[in-house]
Amino acid sequence: MSDHPLLELRGVSKSFGSVQALTDVDFEVRAGEVMALVGDNGAGKSTLIKCVAGIHGMDDGQLLFDGSPATIHGPKDAAKLGIEIVYQDLALCDNLDVVQNMYLGREERNWFHRLRESPMEAKTSETLRSLAVTTIRSIRQPVATLSGGQRQSVAVARAVMWNSQLVILDEPTAALGVSQTEQVLELVKRLAEQGLAVVLISHNLHDIFEVATRITVLRLGRDIGVYERATTTQEEVVHAITAGIPTKVAGIAGTGNGAPA
């Protein structure tokens, strides 16, 4: 794991009219780690990630990527930096096969504007193999025929295929069975092992404690603290989610055991 953040947010605030969604939030993730982002509904998790994606502009605050200030005006800017987000709906097309979904909107074409099927198939197979995704029978089978875990694997593989450095996963195990959940969690571990920075958004603390390196807690739009997974407990994280004191309220330190690095 890197010693310095790949992505760092400092003092991020965002409001929607009279609703203050984020207030002076700090957040970071390092290459080679899984940073879990947790909080109750309305804590600000989705808003924070959409600020990273460029879907929402920040009212205040700074975003640094690999130590340098960066401005993200939209998903294309995020992708250029190497940031890919896998949303809960996965954004897969059921009527297309695995290869077509992997290259959706980024198809390779020859001089005659015909699809270069062989290179796309080869790159798809290589990416799935590198992530040890072995349960998909054929890369030419329609996504509609895949299980929930297999679909999640395709969405994650698509995210990492484009020279990404940071992958953000929004509730990747929601609505999955036990075996499919384990399949996806193993995939999350492999992403970090390959040196990527991973942000995992989840309500499932069991999943988080299985794969996360550190845990950032948001509550009511403020950051409560960063917890080292190896030295904290689920009870402590639940307390932070439900009753934690923000890190920047009248000089009161947050409850995280191990201050944000």
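The values are calculated or read from the model by the stated rules, or taken from the named source; none is laboratory data. Just so it is clear, the structure is predicted and the values come from calculations on it, not from any experiment. Don't worry about glycine lacking a Cβ; one is built from the backbone with ideal geometry, like all the others, and counts go over all protein chains shown. Protein only, heavy atoms only, side chains kept; ligands, DNA and RNA dropped before computing areas. Shrake-Rupley method; radii C 1.70, N 1.55, O 1.52, S 1.80 Å.
If a residue has to be open to solvent by 40 Å² or more (accessible area, probe 1.4 Å), farther than 27 Å from LEU191 by Cβ and not hydroxyl-bearing (Ser, Thr, Tyr) to count, how many in the range 1-20 make the cut? Within the range 1-20, residues that are open to solvent by 40 Å² or more (accessible area, probe 1.4 Å), farther than 27 Å from LEU191 by Cβ and not hydroxyl-bearing (Ser, Thr, Tyr) number 4.
For (1) of a type in the set (Lys, Arg); (2) in contact with a helix residue (DSSP H, G or I) (Cβ under 9 Å, 6 or more places away or on another chain); (3) farther than 25 Å from THR134 by Cα, each residue gets a yes or a no:
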{"site": "GLN180", "(1), (2), (3)": "no, yes, no"}
{"site": "GLU186", "(1), (2), (3)": "no, yes, no"}
{"site": "HIS206", "(1), (2), (3)": "no, yes, no"}
{"site": "ARG214", "(1), (2), (3)": "yes, yes, yes"}
{"site": "ALA230", "(1), (2), (3)": "no, no, yes"}
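Looking only at the range 220-233, decide whether some residue is surrounded by 23 or more Cβ atoms within 10 Å (Cβ to Cβ), among the polar types (S, T, N, Q) and at pLDDT 95 or above. No.
Of the candidates VAL133, VAL154, the single residue that is open to solvent by less than 30 Å² (accessible area, probe 1.4 Å) and either part of a helix (DSSP H, G or I) or touching a strand residue (DSSP E or B) at 6+ places or on another chain (Cβ under 8 Å) (or both) is VAL154. In the range 235-261, of all residues being at pLDDT 95 or above and surrounded by 13 or more Cβ atoms within 10 Å (Cβ to Cβ), the one that is nearest to LEU22 (Cα to Cα) corresponds to ILE241.
When the range 158-172 is filtered for residues that are open to solvent by 10 Å² or more (accessible area, probe 1.4 Å) and either in contact with a Pro (Cβ under 7 Å, 6 or more places away or on another chain) or not in a loop (DSSP other than H, G, I, E, B) (or both), the ones remaining, listed by number, are ARG158, VAL160, ASP170. Scanning the range 173-185 for residues that are of a type outside the set (Val, Ile, Thr), outside any loop (DSSP other than H, G, I, E, B) and over 25 Å from VAL52 (Cβ atoms) gives SER179, GLN180, GLU182, GLN183.
Any idea which of VAL178, VAL143, VAL154 is β-branched (Val, Ile, Thr) and closer than 30 Å to PRO5 by Cα?
VAL154
Restricting the first member to the range 219-231 and to residues that are in contact (Cβ under 8 Å) with a residue 60 or more places away in the chain and closer than 16 Å to ILE201 by Cα, and the second to residues that are open to solvent by 70 Å² or more (accessible area, probe 1.4 Å) and in a strand (DSSP E or B), the beta-carbon pairs closer than 7 Å and six or more apart or on different chains are GLY221/GLN20. When the criteria are applied in full, LEU22 fails the requirement of being within 20 Å of LEU205 (Cα to Cα) and in contact with a Ser or Thr (Cβ under 8 Å, 6 or more places away or on another chain).
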